[in-house]
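The values are calculated or read from the model by the stated rules, or taken from the named source; none is laboratory data. The shown structure was predicted, so the numbers you read here are calculated from the model rather than taken from an experiment. As a convention, Cβ positions derive from the backbone with ideal geometry for all residues, glycine included, and neighbour counts pool all protein chains shown. What goes into the accessible areas is simple: the full protein's heavy atoms, side chains included, and nothing from ligands, DNA or RNA. Shrake-Rupley method; radii C 1.70, N 1.55, O 1.52, S 1.80 Å.
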Amino acid sequence: QQRNYNINPNKSKNKSTATTTTTTTTTTTPLTTMLLNATLQTKVSLADTDNNGMPPPLDATERALYEDNFKLAYRACQENAGGQTLPGRFEARPEAYARAYAGCGSHVTTTYRRSYARLYEATACATHQTDDQFVALYKDRPQDLIGRYVRLEALSAQRHLEKLYEITSGEPLPNHKSYDPNQVWGFLPGGPFENKQQMAESYVFCPATKNQASFAVIHNITGQLLGTVGVSHDDPTNLSIQLDAPIVQPQTTESQQEMEACFLLLDRLFAYGYRRIQMATDSQDALTRKLCNRLGFTLEGVLYKHLIVKEASRDSNIYGLLNSDWKRGARSALYAKLYGKAALKADKANEARESEQEERARELAEKKLQEAGEQK
């Protein structure tokens, strides 16, 4: 018996129908919704005035594929759960695995769906408390991209402006003393900002083109905003795109949370079929150069006098990561850095087992079709 997630907001009895308005409404690009999870939900939360990256309603074909993938994944996890069953909640692991597997959509690789779903299952079903947390989150925001440490949701001025300004303005915080905001904004095209309205009207919340996407990085345990991460210069014809360095509060720099936010996007982009992902950074930005190396990027060259940023000439280091590198070991190395060698070993073992089961099921189905044809 599966739980009823009740993700249709019209059925909620406790939510007010009143909405609020903000001075600036974030434009959610098609690339943003593509990179987030697919969902059967067709309406946004009544608490939001923009769509927060909610994908458009699935057509009949996509909906059928979603439901088929959910059932397939549910049965697969029933047979081989990724961990011990939570006492009294025998359906928790199959449901967590299935909603993540189906949420990846039908346009990514099966290998990616299995790996993402296992990571989500392990995160969501660690304890009864985490199960409650992620079931509730799924009801409210089924489209969010979930990792072990952070989740990514579409960047929205309504939801994130106030907190993002607070953590990047240099003002003292409960867990951090005051600092120079140029630590955050020094190498970026805009900022520091004098006020929230100025930030709301900047490139941070108002993308100049539709070939880019921005995401809020949310801490899984505290639910606090840590910063933003995004992609730009999307070139679907040549299957290439640029990963932009995260904009995070100083204490999040060089953290597992920052690195996982990048990993979640890299893994999904390659699963969609992108061949090349690049990062372009100011040649003097030591922290971003270090991040590129930690993520597995290769320095391809330097563009001298590439840009004029804040009335200063900028030389840009160009880093690249290819799909062939990702498959040959860059993904495994980053996965081990984030989650440990034991988790990487379990991920590979699960992929080998489930791909073998899938192949046997395919052969059995073909044999049945052949026998049926011979009988005719």
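Spin-label pair Q197-S324: with each label point 7 Å from Cα along the Cα-Cβ axis, the two points sit 5.4 nm from one another.
Only protein atoms count toward the accessible area here, which uses a 1.4 Å probe; on the chain, the carbon and sulfur part of that area reaches 51 percent.
Here the chain is treated with +1 on each Lys and Arg Cβ and -1 on each Asp and Glu Cβ, and its dipole about the Cα centre works out to around 700 debye. At full extension, R362 and N182 could sit 59.1 nm farther apart than now, given 0.36 nm per residue minus the alpha carbon distance. What the chain shows is 50 Å² of accessible area per residue, with the surface traced by a 1.4 Å probe over protein heavy atoms.
With both partners inside the chain, how many of the DSSP beta bridges are antiparallel, as a percent to the nearest 5? Percentage antiparallel, nearest 5: 90. Each part gets one Cα centre, and for segment 173-219 versus segment 222-299 those centres are 16 Å apart. Residue ranges 210-221, 143-154, 231-242 sort as 143-154, 210-221, 231-242 when ordered by packing (mean number of other C-beta atoms within 10 Å per residue, highest first). Here the 3J(HN,Hα) profile of segment 174-183, calculated from phi with Karplus coefficients 6.51, -1.76 and 1.60 at θ = phi - 60°, is x, 10, 7, 6, 5, 8, 6, x, 5, 4 Hz, Gly and Pro shown as x.
Placing unit charges on the Cβ atoms of the charged side chains and taking the dipole of the chain about its Cα centre, the candidate lying farthest along the positive direction among A73, L265, T29 is A73. Candidates G340, A286, F297 compared by Cα position along the dipole of segment 286-376: farthest toward the positive end lies A286, with charges placed on Cβ.
Full extension of the segment from Q224 to S255, taken as 0.36 nm per residue of separation minus the current Cα-Cα distance, would add 9.7 nm. Taken as entire DSSP H runs, the helices of the chain that both span 20 Å or more between Cα atoms along their own long axis and average -1.0 or more on the Kyte-Doolittle scale are 60-79, 110-124, 256-271. Only one residue of M199, N175, A330 has its Cα farthest out toward the positive end of the dipole of the chain, where Lys and Arg carry +1 and Asp and Glu -1 on Cβ, and that residue is A330. N323: net charge of surrounding residues, Cβ under 12 Å, Lys/Arg +1, Asp/Glu -1, itself excluded? Charge balance near N323 sits at +3. Taking all protein chains together and a 1.4 Å probe, the residues I318, I167 rank I318, I167 from largest to smallest accessible area. Sequence-distant contacts, meaning Cα pairs under 8 Å at least 6 residues apart, place the relative contact order of the chain at 13 percent. In the chain, helices alone account for a calculated mean residue ellipticity at 222 nm of -13500 deg cm²/dmol, with every DSSP H run of four or more residues adding -39,500 (n - 2.57). Of the peptides 282-293, 265-276, the order by per-residue mean of other Cβ atoms within 10 Å, starting with the highest, comes out as 265-276, 282-293.
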